[in-house]
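In what follows, a structure is listed as structure tokens, so that the remarks can point back to it.
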Amino acid sequence: MLKAQQVLKAIRLAAANKRPYLASALYYMTPTESTKIDTMAVSQDWRLYYNPDFVTQTESSLLVTVMLHEVAHLIRDHASRAQSLGINRRTAKLWNYAADAEINDDLIEEGFSFPGSPILPSHFAMAANLLAEDYY
């Protein structure tokens, strides 16, 4: 889908313009189309997986937030931190929620809006601005 790729390029540029200090990280990610996910996701080898339907059907400002969210997982080294905690397939989903909460409260505080309802520290009845390890 060329259109999804074009949108993704524009979103990456918009994200880099909003957060220039993340430009290198944003452009280091390798975009990889996948219909196995609903939105976007990253892997520890810096692949950015994206669902082409999500990319073409979501408002651009919200896609910028999602792009910044995904790169934050990589910058904050959530994969290595999970390994050091012994996170496994059984506990991976809870860890991902905790990592999402660590990121999302910061993005909301900075004025970004998300598509849907993002995972927040309040979902764990916890304070904002803690680490994923705390939420986990």
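Rule-based calculations on the coordinates, nothing more; no lab input. It should be emphasised that the depicted structure is a prediction, and the values quoted were computed from it without experimental measurement. Using ideal geometry, Cβ is built from the backbone for each residue, glycine included, and neighbour counts are taken over all protein chains shown.
Sequence-ordered 3J(HN,Hα) estimates for region 103-109 from the Karplus curve with 6.51, -1.76 and 1.60 and θ = phi - 60° stand at 7, 5, 5, 5, 5, 5, 4 Hz, glycine and proline given as x. Once you have a ≥ b ≥ c as the square roots of the Cα gyration tensor eigenvalues for region 1-78, tell me rounded if a/c is under 1.5, and otherwise prolate or oblate according to whether a/b is larger than b/c. Taking the square roots of the gyration eigenvalues as a ≥ b ≥ c, region 1-78 is oblate. For region 1-94, GluC sites (Glu not before Pro) meeting the loop criterion (DSSP other than H, G, I, E, B) and having at most 12 other Cβ atoms within 10 Å: Glu59. R0 = 22 Å: FRET efficiency of Asn88 with Phe124, Cβ-based, nearest 0.05? Once the sixth-power term is evaluated, E becomes 0.65.
Relative contact order of the chain: 20 percent, from C-alpha pairs under 8 Å at least 6 residues apart in sequence.
The phi-based Karplus calculation (6.51 cos²θ - 1.76 cosθ + 1.60; θ = phi - 60°) puts the 3J(HN,Hα) values of region 28-34 at 6, 4, 9, x, 9, 5, 7 Hz, whole numbers, x for Gly and Pro.
How would you classify region 52-107 from its alpha-carbon gyration tensor, with a ≥ b ≥ c the square roots of the eigenvalues: rounded for a/c under 1.5, else prolate if a/b is greater than b/c, otherwise oblate? Please list the in-between numbers first.
Details: a/c = 2.65, a/b = 1.95, b/c = 1.36.
Prolate, because a/c is 1.5 or more and a/b exceeds b/c.
For the pair Ile75 and Lys3, a Förster radius of 25 Å applied to the C-beta separation gives a FRET efficiency near 0.30, rounded to the nearest 0.05.
In the chain the longest region clear of trypsin sites (Lys or Arg not before Pro) that are loop-assigned by DSSP and have at most 16 other C-beta atoms within 10 Å covers 91-136.
Rg and Dmax over the alpha-carbon atoms of the chain stand at 14.5, 42 Å.
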